[in-house]
Amino acid sequence: MATNLLDVLRGFYAAEAAYLTEGADFAGMARYLAEDVVLYQAAGLPYGGEWRGHEGIRRFIETMHEAWDALYFDEQRFVSDEHAVVAYSRVRFRARNTGRMLETSLLQWISFRDGLVTEFRPYYHDTLAVVAALDGSAA
């Protein structure tokens, strides 16, 4: 029986929200991730680079939580096949240090193997606006 990738992704997102807002155990998120999962963030972001394995994803989530104190998904759309999901999101972030709100959109390419996430590749509409919201500069 094939795994419904959208159900896996929604389960991951719910576990991520519980981890960030309720202090839930990371194991709730890890159950959706392959051991060799990789998250690629744009190099120009303060949290840019490659985040590898469960420990890398946990550190990334903590780094995001240090940067942003609020995250709202205003719209999400998904397209999938048997190996990947493309997620379009319109989001609002509030920067923890500056209090600035950022409204933007991003796409994520999310790959799967055996019903587990193996790769996240987010593409931000405007990485300069992300940096400006975080450091208080003009975009």
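Overview of results
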item	result
Any hit, segment 54-77, residues being under 14 Å from the mean Cα position of the chain (by Cα) and of a type in the set (Lys, Arg)	yes
Of all residues in segment 26-40 being modelled with pLDDT under 95 and within 11 Å of residue 11 (Cα to Cα), the one that is nearest to the chain's Cα centre (by Cα)	29
Residue tally, condition open to solvent by 40 Å² or more (accessible area, probe 1.4 Å), under 21 Å from residue 87 (Cα atoms) and touching a His at 6+ places or on another chain (Cβ under 8 Å), over segment 9-36	1
Segments classed as strands (runs of 3 or more DSSP E), wholly inside segment 37-139, with at least 2 members that are surrounded by 13 or more Cβ atoms within 10 Å (Cβ to Cβ), without any contact (Cβ under 8 Å) to a residue 24 or more places away in the chain and in contact with a His (Cβ under 8 Å, 6 or more places away or on another chain)	101-113
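The values are calculated or read from the model by the stated rules, or taken from the named source; none is laboratory data. Note that the structure is predicted; figures quoted are calculated from it, not measured. Reconstructed Cβ throughout: ideal geometry from the backbone, glycine too, with neighbour counts over all protein chains shown. Accessible surface is based on the protein model in full, side chains and every heavy atom, while ligands, DNA and RNA are left aside. Shrake-Rupley method; radii C 1.70, N 1.55, O 1.52, S 1.80 Å.
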